[in-house]
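Below is the structure I would like to discuss, written out as structure tokens.
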Amino acid sequence: MKPEEISKPGEQLVDLNPQNFATLPPPYENYKESPVAPLTDDQKTRWEHSLDGVSALTLPKPQTPEEEEKLVASFLSGLEKLMTKENNWTFMQPLMLSLEYCAKCQTCADACPVFEASGHKDIYRPTFRADVLRKVAKKYLSPGGKILAGFRGHDIDLNWDLVARLAELAYRCTLCRRCASVCPVGVDNGLITHELRKLFSQELGIAAAEIHEKGSVKHLKFGSSTGMTTAAIGDIIEYLEDDIEEKTGKRIKIPLNKKGAEILLVHNAGEFMSWPENPMAFAILFDAAGIDYTISTDLVGYDAVNYGLWYDDVQFARVAIKHLEIARELGVKKIVIGECGHAHKALSVIADRLLPGDQLIPRESSYTLLWDIVKSGKIKFDPSKNDFPVTLHDPCNAVRLMGIVKPQREVLRAITPPGRFREMTPHGVENYCCGGGSGFAIMSSGNFTDWKIKLSGRKKLQQILGAFQGEMDPELKKMVCAPCSNCKGQIRDIMETYEVYEKTGIWYTGLVEMMVNAMVEQEQPFLDWPGEDEDDDM
Amino acid sequence: MSWIQILTYLCGAIFIVGFAAKLLKYATMPMHVRWELYPIPHEGKHKSYGGSFYEEIDHWKQERHKDHMAMYMFMLPEILFIRALYEDNKSLWYWSFPFHFGLYLSIAGLAFLTIGAFLQLLGLPPATAIGSFVQSLTILFGVVGYILGLIGVVGLVIKRMTDTELSEVSAPIDYMNLIWLGAIFLTGLLVWFQDPGFAISREYLVSIITFSPMKAQLSLMHYLNLLIFLGFFAYFPFTHMTHMVSKYFMWDKVKFDDDPNRGDPGVDAKIKTYLGYPVTWSAAHIDAQGGRRNWAEIATTNPWTKKEEK
Ligand code: SF4
Ligand code: SF4
Ligand code: SF4
């Protein structure tokens, strides 16, 4: 399908046929895949879904031709703003380079997990949305753009169909940037998705509700994207202390707002709600290693996420600046980022050139610090306590996009018996995204959940199953270590849908949970396997 | 001075101005936020698995070490042999490699021809040892380059037409560009048949260098080759075939730019300028007030607490 076809009027541009989806390894070789759940008739009349029958944005249909025209005009003016330094100094150079230089070789297509999983649907090609944007820019925004547009290959019609489909298409890419790492001329189609989302959000106010209204807005309003308020966080921390006592027999104080502490530890607040063992494990390890740290209960300060990274530079900056400001006020020497891939990249890499150097505070990955703790010998580990096969998921944001590859591996090797840890294929900087990247892990509007599990998460499921081939007996427990809150969310959803634990015995956890499980001091097992504990959230 | 000489100067000037404008356009864009992608070769050999300084505890306290040699060792095969394509898209590489390599060789041939012209002006024509050596190199690079380039063009055109994945995204202009280059290679080869030592071509270059009338008579094939080449030369800076520009900027300034901000005064000054840029994004939550507020103002305002923060 040619990118120009995106403007074709019609109910739905492509149908997703589960028979074309990439196949899964045993024991799923004969698994009968079901179609992506269709929207109800009522939903169809209300929401735009003309791309692939999926609605991630629940974008309302314009009611009048005038409204349509206005939206199309806004889109074009947004595109123009993306190409000005005043409005887009943050990303203008890589965007303009990526828009200008595609050599149309399609090398990137084979690198994309979504394109592959879909059975090579053209609309999911990394170049598809980039091409549409490129063609619109050339035809409508460059001088003489309409002359010989057909011959020059950019004769595309800008209409509401195009805009509505492009808005949805901006949410069919996880921003994993695997495509960018193979492009022979350096074009970054992941970046183009990112910029497209910014255009929609910053100009038209269109974004996925879970990452905007229920995400970054809640973060700035209540203190956390989970909605957890500054008033509640203190209580939650107290519960954690109780739970730690129950699990370890030891009362540990989690330091709050401690001025002059060495480290400000920031967690993805989703952990407090969904996987409290993760912040608990951090507290146990930091206590045992004698680390001087604190957690903030200030607005925004107790939630490391920064959803703006995925769709809006302004929301991004507001949150990042708040994180840094809180650290400065506390007078800490560094901020340590918990197990959250995108928070790693947001605060360490992207925020790095947002403020002058004197307003920055050093930021460090928890993976690096954890490895340092292991190396220091301050905590004794007994690897035999983790005597089960383990594989490691590489969160793209911390690995391909930040180069933190080794520490988490070294930690795993130190806390598991020899031969128990095995890599996925491929891994490290060549890894595949869990499929929950760029906000997908938390997005669940319309029928999007089904799409993200069956399509963007498919490659990860293949990889996880692949890592344990030959050991599929459900009685043999196996673990995926995923040191990222979002990745865990996505992996949890995939596992539920495909009943992975029941069929194969594969479960998932974070890195610190496995570390505490291996601590010599820790008498009872710290890890929960499904079915063992009444209140696990399987 | 003949019309073809005037045309040569004109096309040369368009090329230089066009290409410089292109470089300048990208070079003067604001420093963007970091957007690197690993592996980054200058992180050094011990990080060959794609690691970075973020793997070191208190990385900001450590001396930053960039392994420039590793960087060159990475870029050389990347540029010469198009390694990315070799690794990830071999069926295209079979044609793209001879095409690009042929192009490099014929450019090298042209460079030797120019050196030969200068030597001739210094009284060292091909009859002398050094002149003859340069002439041999001119012929070797030029002819092998033309042949490889031609093979590449034919292969690429066929591949682009027959592979639906590629034909769907290809426009007439893409074929035209390839065929245009193919015509340069082909006529170059035919010139060589007529002028095996490129003597006439060298004479022509001498006349261009010295701004003087031509001594030798150009053949029809010389004219044809020159016209096709000059047209392409002037057209090239305005096309996406200048992707060596993106190769430089996207690698050096984007994918491999992992320099942490340690308060360098130059970087600070830039950031301060950018934060002063007025914002005109229209969405309500930005609250840009049509350009009345700048980045610093909107980024330090939390509209949901309505508290102005510094
Ligand atoms: S690999 Fe790069 S140049 Fe090739 S089609 Fe993809 S984006 Fe374009
Ligand atoms: S960033 Fe990832 S998901 Fe998006 S197009 Fe590239 S490879 Fe595909
Ligand atoms: S959710 Fe995890 S794997 Fe997926 S993009 Fe984010 S960090 Fe990467």
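The values are calculated or read from the model by the stated rules, or taken from the named source; none is laboratory data. Keep in mind that this is a model prediction, so the values were computed, not measured. Cβ placement follows ideal geometry from the backbone for every residue including glycine, while neighbour counts extend to all protein chains displayed. For the accessible areas, the whole protein counts, side chains as well, though only heavy atoms, and no ligand, DNA or RNA atoms are used. Shrake-Rupley method; radii C 1.70, N 1.55, O 1.52, S 1.80 Å.
Would you mind listing the helices (runs of 4 or more DSSP H) fully within the range B:74-172 where at least 1 residues are over 30 Å from residue A:112 (Cβ atoms) and in contact with a Ser or Thr (Cβ under 6 Å, 6 or more places away or on another chain)?
Filter on the range B:74-172 gives B:90-121, B:129-162.
Turning to a different aspect of this structure: If the Cβ limit is 7 Å and pairs must be 6+ apart or interchain, which residue in the range A:24-35 that is among the hydrophobic types (A, V, I, L, M, F, W, C) pairs with which residue that is assigned to a loop (DSSP other than H, G, I, E, B)?
Between residues of the range A:24-35 that are among the hydrophobic types (A, V, I, L, M, F, W, C) and residues that are assigned to a loop (DSSP other than H, G, I, E, B), the close pairs are A:24/A:31.
All but one of (1) within 7 Å of another protein chain (Cβ to nearest Cβ); (2) within 16 Å of ligand 3 (Cβ to nearest atom) hold for residue A:113; which doesn't?
Of (1) within 7 Å of another protein chain (Cβ to nearest Cβ); (2) within 16 Å of ligand 3 (Cβ to nearest atom), only one is false for residue A:113: (1).
Could you tell me whether any residue of the range A:179-187 is farther than 21 Å from residue A:140 by Cβ, within 15 Å of ligand 3 (Cβ to nearest atom), within 11 Å of another protein chain (Cβ to nearest Cβ) and buried (at least 24 other Cβ atoms within 10 Å of the Cβ)?
The answer is yes; a qualifying residue exists.
So that you can scan it fast, the table gives a plain yes or no per residue for (1) within 14 Å of chain B (Cβ to nearest Cβ); (2) out of contact with any Pro (no Cβ under 8 Å at 6 or more places or on another chain):
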site	(1), (2)
A:277	no, yes
A:291	yes, yes
A:300	yes, yes
A:309	yes, yes
A:315	yes, yes
A:321	yes, yes
A:331	no, yes
A:344	yes, no
A:349	yes, yes
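Suppose we filter the range A:1-13 for residues that are more than 14 Å from chain B (Cβ to nearest Cβ), in a loop (DSSP other than H, G, I, E, B) and open to solvent by less than 60 Å² (accessible area, probe 1.4 Å); how many remain?
Summing the residues that are more than 14 Å from chain B (Cβ to nearest Cβ), in a loop (DSSP other than H, G, I, E, B) and open to solvent by less than 60 Å² (accessible area, probe 1.4 Å) in the range A:1-13 gives 2.
Looking at B:235, B:248, B:204, which is the one that is closer than 30 Å to residue A:350 by Cα, surrounded by 15 or more Cβ atoms within 10 Å (Cβ to Cβ) and out of contact with any Ser or Thr (no Cβ under 7 Å at 6 or more places or on another chain)?
B:248 is the lone residue from the list that is closer than 30 Å to residue A:350 by Cα, surrounded by 15 or more Cβ atoms within 10 Å (Cβ to Cβ) and out of contact with any Ser or Thr (no Cβ under 7 Å at 6 or more places or on another chain).
In the range A:82-114, what count of residues is obtained for those that are of a type outside the set (D, E, K, R), in a loop (DSSP other than H, G, I, E, B) and within 16 Å of ligand 1 (Cβ to nearest atom)?
7
Can you spot a residue in the range B:219-242 that is within 13 Å of chain A (Cβ to nearest Cβ), free of Cβ contacts under 8 Å to residues at least 40 places away in the same chain and not hydroxyl-bearing (Ser, Thr, Tyr)?
Yes, the range B:219-242 has at least one match.
Follow-up. What helices (runs of 4 or more DSSP H), lying completely within the range A:294-412, carry at least 1 residues that are surrounded by fewer than 24 Cβ atoms within 10 Å (Cβ to Cβ)?
It comes to A:313-330, A:366-376.
Listed residues A:213, A:238; which is open to solvent by 10 Å² or more (accessible area, probe 1.4 Å), away from every other protein chain (no Cβ under 13 Å) and of a type outside the set (Phe, Trp, Tyr)?
Being open to solvent by 10 Å² or more (accessible area, probe 1.4 Å), away from every other protein chain (no Cβ under 13 Å) and of a type outside the set (Phe, Trp, Tyr) holds for just one of A:213, A:238, which is A:238.
Inspect all residues belonging to the range B:24-42 and state whether any of them is over 30 Å from residue A:403 (Cα atoms) and under 21 Å from the mean Cα position of the chain (by Cα).
Checking the range B:24-42: at least one residue is over 30 Å from residue A:403 (Cα atoms) and under 21 Å from the mean Cα position of the chain (by Cα).
Pairs, please: C-beta under 8 Å, at least 6 apart or cross-chain, first residue within 16 Å of residue A:188 (Cβ to Cβ) and in the range A:81-98, second of a type in the set (S, T, N, Q) and surrounded by 22 or more Cβ atoms within 10 Å (Cβ to Cβ)?
Taking only residues 6 or more apart or on different chains, the pairs are A:82/A:88; A:95/A:88; A:97/B:246; A:98/A:189; A:98/B:246.
Pairs under 8 Å by beta carbon, first residue surrounded by 16 or more Cβ atoms within 10 Å (Cβ to Cβ) in the range B:52-80, partner of a type in the set (A, V, I, L, M, F, W, C) and part of a loop (DSSP other than H, G, I, E, B), six or more apart or different chains?
Within 8 Å, the pairs are B:52/A:402; B:52/A:404; B:52/B:40; B:54/A:402; B:54/A:404; B:55/A:404; B:55/A:405; B:71/B:256.
Of all residues in the range A:407-462, count the ones that are away from ligand 3 (no atom under 16 Å from the Cβ) and among the hydrophobic types (A, V, I, L, M, F, W, C).
Matching residues across the range A:407-462 total 5.
Out of A:242, A:235, A:188, I need the residue that is at negative phi, within 16 Å of ligand 2 (Cβ to nearest atom) and not hydrophobic (A, V, I, L, M, F, W, C). Which one?
From the options A:242, A:235, A:188, the qualifying one is A:188.
Select, from B:24, B:85, the only residue that is loosely packed, with under 13 Cβ neighbours inside 10 Å, within 27 Å of residue A:92 (Cα to Cα), of a type outside the set (Gly, Ala, Ser) and within 14 Å of another protein chain (Cβ to nearest Cβ).
Just one listed residue meets the conditions, B:24.
Tell me, which residue of the range A:149-173 that is more than 7 Å from chain B (Cβ to nearest Cβ) and open to solvent by 10 Å² or more (accessible area, probe 1.4 Å) is farthest from ligand 2 (Cβ to nearest atom)?
Checked the range A:149-173; the qualifying residue farthest from ligand 2 (Cβ to nearest atom) is A:150.
Only residues that are without any contact (Cβ under 8 Å) to a residue 60 or more places away in the chain and either charged (D, E, K, R) or assigned to a helix (DSSP H, G or I) (or both): list them for the range A:511-535, please.
Once the filter is applied, which keeps residues that are without any contact (Cβ under 8 Å) to a residue 60 or more places away in the chain and either charged (D, E, K, R) or assigned to a helix (DSSP H, G or I) (or both), the range A:511-535 yields A:532, A:533, A:534, A:535.
So which helices (runs of 4 or more DSSP H) are wholly in the range B:188-272 and hold at least 2 residues that are assigned by TED's automatic domain parsing to the domain that holds residue B:132?
Output list reads B:199-210, B:220-235.
Could you list, in sequence order, all residues of the range A:422-464 that are more than 15 Å from ligand 2 (Cβ to nearest atom) and either surrounded by fewer than 19 Cβ atoms within 10 Å (Cβ to Cβ) or of a type in the set (Asp, Glu) (or both)?
Selection gives A:422, A:423, A:425, A:444, A:445, A:449, A:450.
Any idea which of A:64, A:107, A:45 is within 14 Å of chain B (Cβ to nearest Cβ), out of contact with any strand residue (DSSP E or B) (no Cβ under 7 Å at 6 or more places or on another chain) and among the β-branched types (Val, Ile, Thr)?
A:107
Out of the residues in the range B:124-164 meeting the condition of being surrounded by 15 or more Cβ atoms within 10 Å (Cβ to Cβ) and within 14 Å of chain A (Cβ to nearest Cβ), tell me which one is nearest to residue B:108 (Cα to Cα).
B:152
Still on this structure: Pick out the one residue from A:146, A:198, A:221, A:139 that is within 16 Å of ligand 2 (Cβ to nearest atom) and farther than 29 Å from residue B:89 by Cα.
A:198
Taking the residues in the range A:94-136 that are open to solvent by 10 Å² or more (accessible area, probe 1.4 Å) and among the small types (Gly, Ala, Ser) as candidates, determine which candidate is farthest from ligand 2 (Cβ to nearest atom).
Ranking the qualifying residues of the range A:94-136, first place goes to A:103.
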